[in-house]
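The values are calculated or read from the model by the stated rules, or taken from the named source; none is laboratory data. Just so it is clear, the structure is predicted and the values come from calculations on it, not from any experiment. Neighbour counts are summed over all protein chains in view; Cβ atoms, including those assigned to glycine, are modelled from backbone coordinates with ideal geometry.
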Amino acid sequence: MSVTALVENKTIFGPIRSRRFGNSLGIDLSPALKQCNFDCLYCELAPAATVDKQTNIVSVQTIIEDLKNALDEHNNIDVITLTANGEPTLYPYLSELIDEIAKIKGEREILILTNSAALIDEKVFQTLLKLDQVKLSLDAVTPEVFKKIDRPHKGIEIDILTCKVQEFSQEFAGKLYIEILFVYGLNDTKEEVQAINEVLKTLSHVERIDIGTIDRPPAYPVQGISYTELYEIAQMFDASLPIHIASRTHAESCVSSYTDEKIINTLDKRPLTLEDIELLFDEDSKSRLKKLIETGDITTNRIGNLEFLVLSKNLKRKR
Ligand code: SF4
């Protein structure tokens, strides 16, 4: 495998202010072209044949030099995010790169955004254990839906992949996030959501489960779902799971009236962010919510960078 230092393609991008992860400096581990072991229907990159290894490779030295320059320029970075035009775990020197970043990162944390498939490879599995934060995508758990939506490289089987995700959640000491992207008519069925729910219930130490939908032009002619549908899907998951609706682009006006009792029942089942409240509550309901906050029945709880409204009694119970 020949190493091509793609100096003309910038490996560093950002900083990006992420609501979920703070100030992030991104590293693109495939800046010249899409190299991915999936060809997801919803991908924001153009369709491309899947690969199981990178052939167009940037050197570790190039990335570290670019990163040092960027860190000198931006002194407010919370997280260094490993990503790619494609799948970052296909980068063949990932372990060495993480070790080199660790030497210069200071207090900043290292995060990777991955489609999870490479966890099947023991070397990648061990490499990801070294990170501070890992976000795994898991769009489907039944073979049929997985193949339809994520169009994986041959040999990637969802049953093995979900076992590896479970194993990883037990061994990983850092912050683990799961992301599920819902596509209309594919993984938004009751059956698939229930199957995903069963897998999620078996995971340990998951910080947050972000559910979202298509919010950029997709590679293939598929459609996202509405915020209301996302909200309904969120209700279908087990109440103990830290589900967070991440996608706002398809937000539509669906405000309705909530009595005190309905507010309490809703927050008892699922903590909501202020943004959720804006999308769900009419003005009178917001006033009722304000009063419940003033009386101390409802309080806020910060998880990572997000603030959730929760029942005070639930917060005490968890302590
Ligand atoms: S895993 Fe990511 S980069 Fe790869 S095809 Fe899917 S959305 Fe695109």
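The table that follows gives values for the structure above.
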item	result
Qualifying position, being within 16 Å of the ligand (Cβ to nearest atom), at pLDDT 95 or above and surrounded by fewer than 21 Cβ atoms within 10 Å (Cβ to Cβ), among K135, K130, K148, K123	K148
Looking only at the range 89-120, and only at residues there that are within 16 Å of the ligand (Cβ to nearest atom) and not in a helix (DSSP H, G or I), the one that is surrounded by the fewest Cβ atoms within 10 Å (Cβ to Cβ)	L113
Verdict on K175 being within 15 Å of the ligand (Cβ to nearest atom) and in the same structural domain as H244 (by TED's automatic domain parsing)	no
Residues of the range 50-88 classified as assigned to a loop (DSSP other than H, G, I, E, B), more than 9 Å from the ligand (Cβ to nearest atom) and acidic (D, E), total	2
Residue list for the range 35-49, filter: closer than 15 Å to P217 by Cβ and within 9 Å of the ligand (Cβ to nearest atom)	C40, L41, Y42, C43, E44, L45, P47
Complete set of residues in the range 258-296 that are modelled with pLDDT under 80 and of a type in the set (S, T, N, Q)	N265, T266
